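These notes concern the structure reproduced below.
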Amino acid sequence: MFSAPPPPPTFSFGAKDRGSARSRSPRSLRPTQSSKRTPLKPLHWVKVSRATQGSLWAETQKSDEASRTPEIDISELESLFSVAMPNMEAKRARQRPSVAAKQEKVLLIDLQRSKNCEIMLRNIKMPLPDLMDSVLALDDSIVDGDQVDYLIKFCPTKEEMELLKGFTGNKENLGKCEQFFLEMMKVPRVESKLRILSFKIKFLTQVADLKNSLNTINSVAEEVRNSVKLKRVMQTILSLGNALNQGTARGSAVGFRLDSLLKLIDIRARNNRMTLMHYLCKVLSEKLPEVLDFNKDLTYLEPASKIQLKELAEEMQAITKGLEKVEQELTTSEKDGPGSEIFYKKLKEFLADAQAEGRSLAFLYSTAGKSADSLAHYFVVSTLLSFVKTFERAHAENLRQMELEKKRAQMEAEREKVKAAAHKEDLLEP
């Protein structure tokens, strides 16, 4: 009832048969030949042009290895990875003329860097040409210091510039980051100009802060030198110390190291109720009460204690170096041509004003340095501040103790008065 099945086909695995099998491969497995190739999305790899002997790519160049490479269906590839719409989608788009086809953006810059750049641009909220015009005009009313610092961070590198210069397609199809880089590339030495703008924006604030610190140093030095009350307090401490050290090698001192001021709180009386600091306040309260508020002569002492002279020196050096870079940029930008004429003019004006401020600041810095040196010989600010605060606490404790003793005395007097009245009543009874 059934005919016998046909004999099974025979397979051969020789090189000759492989070639013939390949020649008989279905049309769908072979690269589709077309007169005009559809643009495909690029794979951003680093191309190897020459295979090093012994490498993976040298092995793949061998004929037997190359023959094992699967053939690519270009038609399928174009339908999946084309930049333009597939034919069907294009037809549908033509049927809906009101809806514009969205052009795929071409991204050349590293994806993460591109995303961060777009976030930065959203915060600035300004057309790119206008942004670059404000840089060339040194206009600090449009962007602040932080925004300029971000722009510096996203200046295109040499490699990114070369990548963009090599792009031959429609530049309008590039991503936002790529277009931003192209706009920046129109400005000669854009990073240098941005750094100058950043320096200009921060200059006045930086100078004002430094001047404030230098004036504080000068003022506290003046206060310490001119406070008569402070001198009386120090003389009293010297007298107390010499009285305690009489007959010893420490006695008959004409002065003492200032860190010794902080030891007054450590020396306690025999009854353990009072320290030498409390006793100093007691002596001054009884004999020189007019000097107890000597701390009011030292209004700049606390702010001065927070200033580090090393930091002031670093800030002064940063301003000096910044002005030197402005001079260098002014000389260089003069040769930039018409595009930098406004920049050159504005920079020249800024430099003239900044150098005048710099000279004034240098003089003030020199004066403050001398004040700091004299203050170091006269008093250490932090030590003096600690002494003042300890003195204030001890004096306040003395006042509380005196008030407490006064109340006790009043209560004792009341008790004695009651006792005397009771005794008088006992004597009057028959």
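Against the conditions (1) open to solvent by 30 Å² or more (accessible area, probe 1.4 Å); (2) aromatic (Phe, Trp, Tyr); (3) under 29 Å from MET277 (Cβ atoms), PHE387 satisfies every one except (1).
Can you work out which of the residues in region 146-192 that are under 21 Å from LYS202 (Cβ atoms) and open to solvent by 60 Å² or more (accessible area, probe 1.4 Å) is farthest from the chain's Cα centre (by Cα)? That would be ARG189. Can you confirm whether ARG273 is open to solvent by 90 Å² or more (accessible area, probe 1.4 Å) and in contact with a strand residue (DSSP E or B) (Cβ under 6 Å, 6 or more places away or on another chain)? When the stated conditions are applied, ARG273 does not pass them.
Quick one: ILE307 ticks every box in (1) touching an Asp or Glu at 6+ places or on another chain (Cβ under 7 Å); (2) not small (Gly, Ala, Ser); (3) not in a helix (DSSP H, G or I) except a single one, so which number is it? Checking ILE307 against (1) touching an Asp or Glu at 6+ places or on another chain (Cβ under 7 Å); (2) not small (Gly, Ala, Ser); (3) not in a helix (DSSP H, G or I), the one that fails is (1). Restricting the search to region 297-326, which residues are more than 23 Å from GLU223 (Cβ to Cβ), touching a Leu at 6+ places or on another chain (Cβ under 8 Å) and aliphatic (A, V, I, L, M)? Listed by number, the residues that qualify are MET316, ILE319, LEU323, VAL326.
Going residue by residue through region 123-130, is there one that turns out to be farther than 23 Å from ILE342 by Cα and modelled with pLDDT of 90 or more? The answer is no; no qualifying residue exists.
Inspection of region 359-366 finds a residue satisfying the criterion of being within 28 Å of SER141 (Cα to Cα), modelled with pLDDT of 90 or more, in a helix (DSSP H, G or I) and open to solvent by 60 Å² or more (accessible area, probe 1.4 Å). Looking only at residues of region 112-130 that are closer than 17 Å to MET184 by Cβ and part of a loop (DSSP other than H, G, I, E, B), we find that the one that is most open to solvent (accessible area, probe 1.4 Å) is PRO127. GLU334 meets all of the listed conditions (1) closer than 20 Å to ASN218 by Cα; (2) out of contact with any Leu (no Cβ under 8 Å at 6 or more places or on another chain) but one, namely (1).
Restricting the first member to region 177-202 and to residues that are in the same structural domain as LYS165 (by the TED database) and among the aromatic types (Phe, Trp, Tyr), and the second to residues that are outside any loop (DSSP other than H, G, I, E, B) and open to solvent by less than 10 Å² (accessible area, probe 1.4 Å), the beta-carbon pairs closer than 7 Å and six or more apart or on different chains are PHE180/CYS117; PHE181/LEU164. Taking residues in region 235-252 that are part of a helix (DSSP H, G or I), and partners anywhere that are not hydrophobic (A, V, I, L, M, F, W, C), the pairs with Cβ atoms closer than 6 Å and at least 6 places apart or on different chains are ASN242/GLY251. A count restricted to region 286-316 and to residues that are surrounded by 15 or more Cβ atoms within 10 Å (Cβ to Cβ) and more than 47 Å from the chain's Cα centre (by Cα) stands at 1.
Please state which one of PHE180, PHE199 is within 23 Å of ALA318 (Cα to Cα) and part of a helix (DSSP H, G or I). Result: PHE199 is the single residue among PHE180, PHE199 that is within 23 Å of ALA318 (Cα to Cα) and part of a helix (DSSP H, G or I).
The residue that is nearest to PRO338 (Cα to Cα), among those in region 131-146 that are assigned to a helix (DSSP H, G or I) and of a type outside the set (S, T, N, Q), is LEU136.
The values are calculated or read from the model by the stated rules, or taken from the named source; none is laboratory data. No experiment lies behind these values; they were computed from the predicted model shown. Because the Cβ atoms are built from the backbone with ideal geometry, glycine has one as well, and the counts that use them run over all protein chains shown. Surface accessibility is based on the protein's heavy atoms, side chains included, excluding ligands, DNA and RNA. Shrake-Rupley method; radii C 1.70, N 1.55, O 1.52, S 1.80 Å.
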